[in-house]
Each structure stands twice: as structure tokens, then as C-alpha cells.
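Colleague: So that we are looking at the same thing, I have put the structure below in C-alpha cells.
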Amino acid sequence: MYTVAVDHWNRSVIPACMTYESLGNRDWKHIIDRLGGRARLETSARHTKAFLRARAIENAVDLLRMILAYCLGARGLRCTAAWAYAVGLADISNVALLYRLRQCGDWFALLIGQVLAFDAPQAAQGRLIRLIDATTVPKAGTLARRENKLWRIHSAFDLPSERFGFFELTDEKGGERLDRIPVVEGEIRIGDRAYLQPDRMGELLDAGADIVVRARGQAD
């Protein structure tokens, strides 16, 4: 996911001349503006639980800056933490930084979706279209089969990029949920009748998405 993120940001958001060092100059302000501004980044980071409270890192924008410093640079976590201290971003250990990075998967998925939507061809009128579904695989073993234990793979196929933009693996307790994937404002989410979930549909509509769900007909 992080490789894809850097690739899309390099082409769509980050100037081609951007380097590890240029995260400290006006290029950084340009990136923030292209991603919707500080307020929007703070909101999306809290919504996806990538940033919940200010401790060693004061805000979500500083966290994003450190993520990009790590992804774009040839240095490891220890040097990234030292760089963050040197430029006055945060006094944080490499272990604590790794923990923060691990909490940012959903946030990155959301930001990548925004970049993809921005780059969508005119035929889609700039909107991300997501086909969501889930498939099941029985768990191995006689006892598991007897108790109908299984793995459920949740996925989203994105158009017009024609690629999978989301995967999540759960057991049989992880049901098909319309809101399992972070919302990209303006997206169109399409699913079968298993996703006919009024409360979750309302939440997605409030978040700025449109929904197409197959309803149960008389033939069913």
C-alpha cells in the first residue's frame, strides 16, 4: 500500500522535484493544499483513528509529514525520527514512530482514494466508483468444517482505475458491511443486496457518497 501511495503522490500531488529534504520548504504547503488543507487532514486522520490525541506528535499534519519523510527517503525509522527531532516536528523514538505508522493504513487508503478521484478520467466526471463484495473460504480442519468456520475476504474494485483498492480479511464474525471501507467524498459505492443496510447507508450519504444497492425484487 505504501509503495502505491508514494507512486500516486509522486505523479498527482508531490512535485517531481520533491526530495526528503524539501519536506521542509514551500513544497510541503503545496502538498497540504492539494490534499484539502490542514482542517480536512486533521478530520480524516481522527475519523480513521490514525491520529487521536496530541502526545509526542502535535497534530495529524506533522504525522503525515513524517510518514512521507520515511517513504520518500532512503533512511530508516531511526534516521526519520532523528530528522523529525532536528526540524522541530517531534521528539519520538523509532519504535513509537513505527507504532504510529501501523495505525495509518485506513488513513492512507482514504488519502489515496482522494488522489485517485482527483485523477479520474472525464468519463467518470472525477468520481471514484467502488464495487464492493466479499467472498468466503472454509477454514482447514474437520472441527472447523463441522462448526462452519470460515475466512471472509472483503474487497473493493475501483473504477475507472480498474484495480482493487481495498482488502480486509476477517473470520465468520466479520459480516458484509457497507461502511467497512473509509469514504472518499463524492464516490459512488455499488453493492449487492447483502449491503442493503439503512443505517450505514445513511452514514455514507452524510459523508458525501452516493450508493447503488440491489434491492430484493418480487422474483426473489
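The values are calculated or read from the model by the stated rules, or taken from the named source; none is laboratory data. Treat the numbers as computed from the prediction; the structure is a model and nothing was measured. So basically every Cβ, Gly included, is an ideal-geometry build from the backbone, and we count neighbours across all protein chains shown.
Colleague: Checking the condition assigned by TED's automatic domain parsing to the domain that holds Gly37, of a type in the set (Gly, Ala, Ser), assigned to a loop (DSSP other than H, G, I, E, B) and in contact (Cβ under 8 Å) with a residue 24 or more places away in the chain, which residue from Ala74, Ala96 passes? Full working, then the answer.
Modeller: Details: Ala96 fails: assigned to a loop (DSSP other than H, G, I, E, B).
Of Ala74, Ala96, the one residue that is assigned by TED's automatic domain parsing to the domain that holds Gly37, of a type in the set (Gly, Ala, Ser), assigned to a loop (DSSP other than H, G, I, E, B) and in contact (Cβ under 8 Å) with a residue 24 or more places away in the chain is Ala74.
This table checks each residue for (1) in contact (Cβ under 8 Å) with a residue 60 or more places away in the chain; (2) not in a loop (DSSP other than H, G, I, E, B).
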{"position": "Val137", "(1), (2)": "no, yes"}
{"position": "Ala140", "(1), (2)": "no, no"}
{"position": "Ile153", "(1), (2)": "no, yes"}
{"position": "Phe166", "(1), (2)": "no, yes"}
{"position": "Arg180", "(1), (2)": "no, no"}
{"position": "Gly186", "(1), (2)": "yes, no"}
{"position": "Asp199", "(1), (2)": "no, yes"}
{"position": "Leu205", "(1), (2)": "no, yes"}
{"position": "Ile211", "(1), (2)": "no, yes"}
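Colleague: For residues that are among the aromatic types (Phe, Trp, Tyr) and buried (at least 19 other Cβ atoms within 10 Å of the Cβ), scanning just segment 103-136, find the one that is modelled with the highest pLDDT. Give the derivation first.
Modeller: Here is the first cut: in segment 103-136, the residues among the aromatic types (Phe, Trp, Tyr) are 107-108, 118.
The next check asks that each one be buried (at least 19 other Cβ atoms within 10 Å of the Cβ); those that pass are 107-108.
On the way: Trp107: 90, Phe108: 85.
Within segment 103-136, the match that is modelled with the highest pLDDT is Trp107.
Colleague: Condition first: polar (S, T, N, Q), under 13 Å from the mean Cα position of the chain (by Cα) and in a helix (DSSP H, G or I). Now tell me which residues in segment 41-71 satisfy that.
Modeller: Step one: list which residues in segment 41-71 are polar (S, T, N, Q), which gives 43-44, 48, 59.
Checking which are under 13 Å from the mean Cα position of the chain (by Cα) leaves us with 44, 48.
Ser44, the sole residue that qualifies.
Colleague: Okay, moving on. Which members of segment 152-169 meet the condition of being touching a strand residue (DSSP E or B) at 6+ places or on another chain (Cβ under 9 Å) and crowded, with 16+ Cβ neighbours inside 10 Å?
Modeller: Taking segment 152-169 and keeping what is touching a strand residue (DSSP E or B) at 6+ places or on another chain (Cβ under 9 Å), we get 152-160, 163-169.
Correct list: Arg152, His154, Ser155, Ala156, Phe157, Asp158, Leu159, Gly165, Phe166, Glu168.
Colleague: Moving on. Kindly indicate the residue of segment 188-197 that is of a type outside the set (Gly, Ala, Ser) and assigned to a strand (DSSP E or B) and also surrounded by the most Cβ atoms within 10 Å (Cβ to Cβ) among those meeting that condition.
Modeller: If we filter segment 188-197 for residues that are of a type outside the set (Gly, Ala, Ser), which is where we start, we get 188-190, 192-193, 195-197.
Checking the rest, the ones that are also assigned to a strand (DSSP E or B) come to 188-190.
Details: Ile188: 17, Arg189: 23, Ile190: 19.
Result: Arg189.
Colleague: Among the residues in segment 154-173, are any touching a helix residue (DSSP H, G or I) at 6+ places or on another chain (Cβ under 8 Å) and of a type in the set (Ser, Thr, Tyr)?
Modeller: Kept after step one, since they are touching a helix residue (DSSP H, G or I) at 6+ places or on another chain (Cβ under 8 Å), are these residues of segment 154-173: 158-161, 165-166.
Subset that is of a type in the set (Ser, Thr, Tyr): 161.
Within segment 154-173, one or more residues are touching a helix residue (DSSP H, G or I) at 6+ places or on another chain (Cβ under 8 Å) and of a type in the set (Ser, Thr, Tyr).
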